[in-house]
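Working notes for the structure below.
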Amino acid sequence: MAQRKIVKNNTNLEKDMFTGAILNRDSNAYSQAVKRKRLRKQKETELQDLKSQVSELTSLVKTLTKKIDK
(Lines give C-alpha, C1' and ligand atoms only; values in the text may rest on other atoms or scores of the structure.)
Protein backbone atom coordinates (compact mmCIF):
# COMPACT_ATOMS: atom_id res chain seq x y z
CA MET A 1 0.00 0.00 0.00
CA ALA A 2 1.22 3.45 -0.89
CA GLN A 3 2.31 5.74 1.88
CA ARG A 4 0.19 8.85 2.22
CA LYS A 5 0.57 12.06 4.19
CA ILE A 6 -2.09 14.59 5.08
CA VAL A 7 -1.65 17.87 3.21
CA LYS A 8 -0.67 20.74 5.46
CA ASN A 9 -3.59 23.06 6.34
CA ASN A 10 -6.21 20.75 4.76
CA THR A 11 -7.14 17.49 6.49
CA ASN A 12 -9.45 16.48 3.62
CA LEU A 13 -6.50 16.12 1.27
CA GLU A 14 -3.63 13.69 1.37
CA LYS A 15 -0.59 13.18 -0.83
CA ASP A 16 0.38 9.80 -2.21
CA MET A 17 4.12 9.78 -1.64
CA PHE A 18 4.75 7.22 -4.41
CA THR A 19 2.92 9.00 -7.26
CA GLY A 20 2.82 12.54 -5.88
CA ALA A 21 -0.95 12.66 -6.49
CA ILE A 22 -3.13 14.76 -4.24
CA LEU A 23 -6.21 12.78 -3.15
CA ASN A 24 -9.45 14.07 -1.68
CA ARG A 25 -10.54 12.05 1.36
CA ASP A 26 -13.94 13.77 1.60
CA SER A 27 -16.42 11.24 0.18
CA ASN A 28 -19.29 13.74 0.42
CA ALA A 29 -17.43 16.22 -1.80
CA TYR A 30 -16.72 13.40 -4.26
CA SER A 31 -20.40 12.42 -4.36
CA GLN A 32 -21.38 16.03 -4.99
CA ALA A 33 -18.84 16.34 -7.81
CA VAL A 34 -20.17 13.17 -9.46
CA LYS A 35 -23.72 14.52 -9.16
CA ARG A 36 -22.69 17.87 -10.70
CA LYS A 37 -21.02 16.07 -13.59
CA ARG A 38 -24.10 13.90 -14.21
CA LEU A 39 -26.39 16.96 -14.18
CA ARG A 40 -24.07 18.86 -16.53
CA LYS A 41 -24.09 15.96 -19.00
CA GLN A 42 -27.88 15.73 -18.74
CA LYS A 43 -28.22 19.45 -19.51
CA GLU A 44 -25.83 19.16 -22.46
CA THR A 45 -27.88 16.27 -23.83
CA GLU A 46 -31.10 18.23 -23.43
CA LEU A 47 -29.54 21.22 -25.19
CA GLN A 48 -28.40 19.05 -28.10
CA ASP A 49 -31.91 17.56 -28.37
CA LEU A 50 -33.43 21.05 -28.44
CA LYS A 51 -30.98 22.17 -31.12
CA SER A 52 -31.90 19.14 -33.20
CA GLN A 53 -35.61 19.83 -32.80
CA VAL A 54 -35.18 23.48 -33.78
CA SER A 55 -33.21 22.44 -36.83
CA GLU A 56 -35.93 19.99 -37.82
CA LEU A 57 -38.64 22.61 -37.32
CA THR A 58 -36.67 25.11 -39.39
CA SER A 59 -36.40 22.58 -42.18
CA LEU A 60 -40.14 21.86 -42.03
CA VAL A 61 -41.00 25.56 -42.14
CA LYS A 62 -38.78 26.06 -45.19
CA THR A 63 -40.42 23.10 -46.92
CA LEU A 64 -43.89 24.45 -46.13
CA THR A 65 -43.07 27.95 -47.36
CA LYS A 66 -41.73 26.53 -50.64
CA LYS A 67 -44.95 24.55 -51.13
CA ILE A 68 -47.10 27.59 -50.34
CA ASP A 69 -45.13 29.78 -52.79
CA LYS A 70 -45.75 27.36 -55.71
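The values are calculated or read from the model by the stated rules, or taken from the named source; none is laboratory data. Since we're looking at a predicted model, the values are computed, not measured. FYI the Cβ positions are ideal-geometry reconstructions off the backbone, even for glycines, and counts take in every protein chain you see. Protein only, heavy atoms only, side chains kept; ligands, DNA and RNA dropped before computing areas. Shrake-Rupley method; radii C 1.70, N 1.55, O 1.52, S 1.80 Å.
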For K5, list the aspartates and glutamates whose Cα falls under 13 Å from its own Cα; do not include residues on the same chain fewer than 8 positions away. E14, D16
Exactly which trypsin sites (Lys or Arg not before Pro) in the stretch 1-49 are in a DSSP loop and have at most 12 other Cβ atoms within 10 Å? K8
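Please report, as a whole percent, how much of the solvent-accessible surface of the chain comes from carbon and sulfur atoms (probe radius 1.4 Å). Please report the intermediate quantities before stating the final value.
Values: 3660 of 6760 Å².
That fraction is 54 percent.
Heavy atoms only, 1.4 Å probe, whole protein assembly: order V61, V7 by accessible area, highest first. Numbers along the way, then the final one.
Working: V61 85, V7 40 Å².
Result, largest first: V61, V7.
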Per residue convex hull volume, Cα atoms of the chain, in Å³: 130
Using Cα atoms only, what is the angle between the long axis of helix 27-69 and the major principal axis of the chain, expressed in degrees (0 to 90) to the nearest 10? 10
Check cross-link reach from K37 to the aspartates and glutamates: straight Cα distance under 20 Å, and skip same-chain residues fewer than eight apart. D26, E46, D49
Using 1/(1 + (r/R0)^6) with R0 = 35 angstrom and r between the beta carbons of Y30 and T58, what's the FRET efficiency to the nearest 0.05? 0.25
